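The values are calculated or read from the model by the stated rules, or taken from the named source; none is laboratory data. Just so it is clear, the model here is predicted, and its values are computed rather than measured. Note that we place each Cβ from the backbone using ideal geometry, even for glycine, and neighbour counts take in every protein chain shown.
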Amino acid sequence: MKFSGRKFFLTFACVVGICSLAISSFATTWDMPTPYPDKTFHTVNIIQFAKDVEKATNGDLKIKIHSAGSLFKHPEISKAVRGGQVPIGEFFLSLLSNENAVFGADSQPFLATNYKEAKKLWDAQKPVITKLLAKQNMMPLFSVPWPPQGLYTKKPINSVADLKGIKFRAYNATLEKFANLVGAAPTQVEVPDIPQAFATGRVDAMITSPSTGANSKAWDFITHYTDIQAWLPKNIVVVNKRAFRKLSKADQAAILTAAAAAEKRGWEMSIQETAAKTAILKKNGVIIVTPSKELMDGLKKVGAEMLMEWKKDAGAEGAVLLKAYYN
Ligand code: PCA
């Protein structure tokens, strides 16, 4: 039997119609790699974000979280989102500072040392990095800081000289530089590997938040926590722009609303974490130390030196950022 042109068209339209109906009734699932374990407050916040998105899109869009670097290793996550292997992902923002120093503003020692300053810094940093991420086909959804970073050691640290020669865990290039400048010997270690790195003697000290210290059961391998409140580095959740554009306008709006709520909630969770996790360190026998003036003066001197270098590296974009921050 031969199809007439009209009959063929109708048959075709019908098949397409059925198909698009079928497609629209299937939910989209987005795989989302994240670097930190499930109980980390950042991950808890992202799990809530995924629930909010699913609810607001009436189940149209599901976000499946792959935590603790299980889908992509932490240093690969930004590349995976950029290349479209995954539509969405979370990573430690300053890991991108090798591409442009402005990504590392929040890891500069003593530039922003409390939540108020960290918020101001994010407001100044966000427009600059949004432009840079757009060039890589990515868009920021939300960013949340870790609690202020403190010093974990196996002995009291009263001055910068006391850090000399200590094997030091680092999590990015800036911390590695800081460790080198204070005379320590840095090694990169991801959060899930911290307990083993201490147990095997690869490292003897670290700078991180009360969250990561308590979650890693730092009392098993260090004795002192010196509360130097050196910086509040952030995680960021980014989306691949092409993947985002494929969603309906209503689903796009739902994601942006859930992201704004996640950013607000995440900052509040971070503030809560600071006191709660410091208390857990203390309860488990860690000696919580208020830093000596000598130690702080020495560390701040190193911070000032690093900021000068950062300004050179960050060029015109860094100047725009700092101007907005100091305003
Ligand atoms: N925890 C993460 C990043 C900063 C923090 O507080 C870590 O230690 O790698």
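Which residues, counting only those in the stretch 75-96, are touching a strand residue (DSSP E or B) at 6+ places or on another chain (Cβ under 8 Å) and closer than 22 Å to K62 by Cα?
Result: I77, S78, A80, V81, R82, G84, V86, P87, I88, G89, E90, F91.
Can you tell me which condition N215 does not meet? The list is (1) more than 16 Å from the ligand (Cβ to nearest atom); (2) under 30 Å from I88 (Cβ atoms); (3) polar (S, T, N, Q), and all the others hold.
(1)
Looking only at residues that are surrounded by fewer than 19 Cβ atoms within 10 Å (Cβ to Cβ) and either part of a strand (DSSP E or B) or charged (D, E, K, R) (or both) in the stretch 141-158, which one is farthest from the ligand (Cβ to nearest atom)?
Ranking the candidates gives K155 first.
Out of curiosity, is K277 more than 30 Å from K55 (Cβ to Cβ), in a helix (DSSP H, G or I) and at pLDDT 95 or above?
no
When you go through G285, G298 one by one, which is the residue that is in a loop (DSSP other than H, G, I, E, B), at pLDDT 95 or above and over 30 Å from T57 (Cβ atoms)?
From the options G285, G298, the qualifying one is G285.
Within the stretch 72-91, is even one residue in contact (Cβ under 8 Å) with a residue 24 or more places away in the chain, within 18 Å of A316 (Cα to Cα) and either buried (at least 20 other Cβ atoms within 10 Å of the Cβ) or in contact with a Gly (Cβ under 6 Å, 6 or more places away or on another chain) (or both)?
no
Which residues, taken from the stretch 87-104, are under 17 Å from V320 (Cβ atoms) and among the β-branched types (V, I, T)?
V102
Among the residues of the stretch 181-191, are any within 12 Å of the ligand (Cβ to nearest atom), at pLDDT 95 or above and small (G, A, S)?
No, the stretch 181-191 contains no residue that is within 12 Å of the ligand (Cβ to nearest atom), at pLDDT 95 or above and small (G, A, S).
Suppose the filter is within 16 Å of the ligand (Cβ to nearest atom) and of a type outside the set (A, V, I, L, M); does N172 pass it?
yes
Which condition number in (1) assigned to a strand (DSSP E or B); (2) among the aliphatic types (A, V, I, L, M); (3) farther than 21 Å from W122 by Cα is the one that L247 fails?
(1)
Counting only residues that are near the ligand (Cβ under 9 Å from one of its atoms) and more than 22 Å from N180 (Cα to Cα), which one in the stretch 192-211 is surrounded by the most Cβ atoms within 10 Å (Cβ to Cβ)?
Here the residue is P210.
What residue, of A68, A118, A161, is among the hydrophobic types (A, V, I, L, M, F, W, C), out of contact with any strand residue (DSSP E or B) (no Cβ under 6 Å at 6 or more places or on another chain) and within 16 Å of the ligand (Cβ to nearest atom)?
A68
May I ask you to list pairs of residues, at least six apart or on different chains, whose Cβ atoms are under 7 Å apart, with the first in the stretch 145-156 being of a type in the set (A, V, I, L, M) and the second being assigned to a loop (DSSP other than H, G, I, E, B)?
L151/I157; L151/I228
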